[in-house]
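Report on the following structure.
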Amino acid sequence: MTAKFKVSDHVRWNSEAGHVSGMIIKVHKKNTDYKGYTRHASADDPQFEIKSDKTDHVAMHKGTALHKID
């Protein structure tokens, strides 16, 4: 079961460049267009918009890719 994340949670995920951390800035519970692609989301399986701690980069991931950190 996917952990329940919310806005302002600090999370970590694995990217092509290694582990990245950031803060959740938005939770999408409906399909949404993001960087030219449709990201599928629902209330049971949301997508999380996350701003990187080190850069201004914003990424979107499902909860299964995220790990909550303190």
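The values are calculated or read from the model by the stated rules, or taken from the named source; none is laboratory data. Being a predicted model, the structure only gives us computed values, none of them experimental. Quick reminder, even Gly has a Cβ in these numbers, built from the backbone with ideal geometry, and neighbours come from all protein chains shown. These accessible areas exclude ligands, DNA and RNA; they are computed on the full protein's heavy atoms, side chains included. Shrake-Rupley method; radii C 1.70, N 1.55, O 1.52, S 1.80 Å.
Against the condition part of a loop (DSSP other than H, G, I, E, B), acidic (D, E) and open to solvent by 100 Å² or more (accessible area, probe 1.4 Å), how does D44 come out, does it pass? Taking the combined requirement at face value, the residue satisfies it. Any chance the range 14-34 includes a residue that's touching a residue at least 60 places away in the same chain (Cβ under 8 Å) and not in a loop (DSSP other than H, G, I, E, B)? Looking for residues that are touching a residue at least 60 places away in the same chain (Cβ under 8 Å) and not in a loop (DSSP other than H, G, I, E, B), one finds none in the range 14-34, hence no.
The number of residues in the range 47-70 being touching a residue at least 24 places away in the same chain (Cβ under 8 Å), open to solvent by less than 40 Å² (accessible area, probe 1.4 Å) and within 14 Å of K6 (Cβ to Cβ) comes to 5. The numbered conditions (1) open to solvent by less than 80 Å² (accessible area, probe 1.4 Å); (2) under 16 Å from D70 (Cα atoms); (3) modelled with pLDDT of 95 or more; (4) not β-branched (V, I, T) are all true for H28 except (2). Take H19 and decide whether it is open to solvent by 100 Å² or more (accessible area, probe 1.4 Å) and not charged (D, E, K, R). Judged against the criteria, H19 is a match.
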